[in-house]
Amino acid sequence: MRKLLIAGNWKMNMDRGSAVQLAQGIAARAAEFPGIDLLVCPPSIYIAPVADAVAGSAVAVGGQNMYHQTNGAYTGEISGAMLQDVGATYVILGHSERRTLMGETDEDVNAKLLAALNAGLTPIVCVGEILDQREAGQTPQVIRSQFTRSLAGLTAEQMTQTVLAYEPVWAIGTGKVATPDQAEEVHADLRKLLAEYYNNAIAQQVRILYGGSMKASNAAQLIAQPNVDGGLIGGASLKVEEFLGIARAGM
Ligand code: 13P
């Protein structure tokens, strides 16, 4: 069925040496996790050396963001083709830190998503509510709105090439992980949305990751939920043991 994906979002951490070391440490043990897809997403400037470090292993490399244009006068931006060119096969899009700190809208995410697919990358599209929205009982509406706007215009085939990530904003970097029930509820809602906007076969195919204070000690219960297909991990992805401990929880 759906293969688990354990993805590390390194955010703006590490230097070149420690990034390569972490990548080598993960790659050296990747063969212990057959049946699980492993992905690391370093800062874009370290993608090339990290891709070299994991070459020959089953570990994939991804970007944390990209621009929707293919080339041109867009100072400071990076295209999907450029990510590909230096060894990335995935790209994270619409992370809450980009939505809140950099003002990315669902429409921006949508443009990037279509561009990423055109570039042949596997996008990981993040959605998630803030604490006020959860406490006001608005989580289902927030998720529906982000889903429909961020994924607008995607064909069925493109949908199957896309990964979703539920990252409750209140759980990111806070140590306050969603309970397995809280995560499963939203993941099941996302799968229902996939069935509603596409069809049941596609809904069953798309991987939905959980992200937000996931670590080796809480991963097993989350991954055991029927609609949780892996993790998008921040802090705990920066140490080989902790990251692979999460992968082990999925075995
Ligand atoms: P933490 O695992 O540090 O909470 O971050 C989650 C995240 O934002 C992954 O994209």
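The table below gives the values:
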| read-out | value |
| --- | --- |
| Any hit, the range 202-215, residues being farther than 25 Å from Ala116 by Cβ and outside any strand (DSSP E or B) | yes |
| Criterion violated by Ser213 - all others in (1) away from the ligand (no atom under 12 Å from the Cβ); (2) buried (at least 18 other Cβ atoms within 10 Å of the Cβ); (3) at positive phi satisfied | (1) |
| One residue from Glu97, Glu32 being charged (D, E, K, R), in contact (Cβ under 8 Å) with a residue 12 or more places away in the chain and within 16 Å of the ligand (Cβ to nearest atom) | Glu97 |
| Residues being more than 14 Å from the chain's Cα centre (by Cα) and of a type in the set (S, T, N, Q) - total across the range 151-172 | 3 |
| Only one of Ser150, Ser145 that is in contact with a helix residue (DSSP H, G or I) (Cβ under 6 Å, 6 or more places away or on another chain) and either over 30 Å from Ser217 (Cβ atoms) or crowded, with 17+ Cβ neighbours inside 10 Å (or both) | Ser150 |
| Top-ranked residue of the range 218-244 - restricted to ones that are within 13 Å of the ligand (Cβ to nearest atom) and surrounded by fewer than 20 Cβ atoms within 10 Å (Cβ to Cβ), ranked as nearest to Cys126 (Cα to Cα) | Gly235 |
| Among (1) in contact with a helix residue (DSSP H, G or I) (Cβ under 9 Å, 6 or more places away or on another chain); (2) away from the ligand (no atom under 12 Å from the Cβ); (3) in contact (Cβ under 8 Å) with a residue 60 or more places away in the chain - the single one Arg207 does not satisfy | (1) |
| Wholly within the range 134-197, helices (runs of 4 or more DSSP H) carrying at least 1 residues that are of a type outside the set (D, E, K, R), under 13 Å from Gly212 (Cα atoms) and within 16 Å of the ligand (Cβ to nearest atom) | 180-197 |
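Rule-based calculations on the coordinates, nothing more; no lab input. This is a predicted model, so every value here is computed, not measured. Methodologically, a virtual Cβ is constructed for each residue, glycine included, from the backbone with ideal geometry; neighbour enumeration extends over all protein chains shown.
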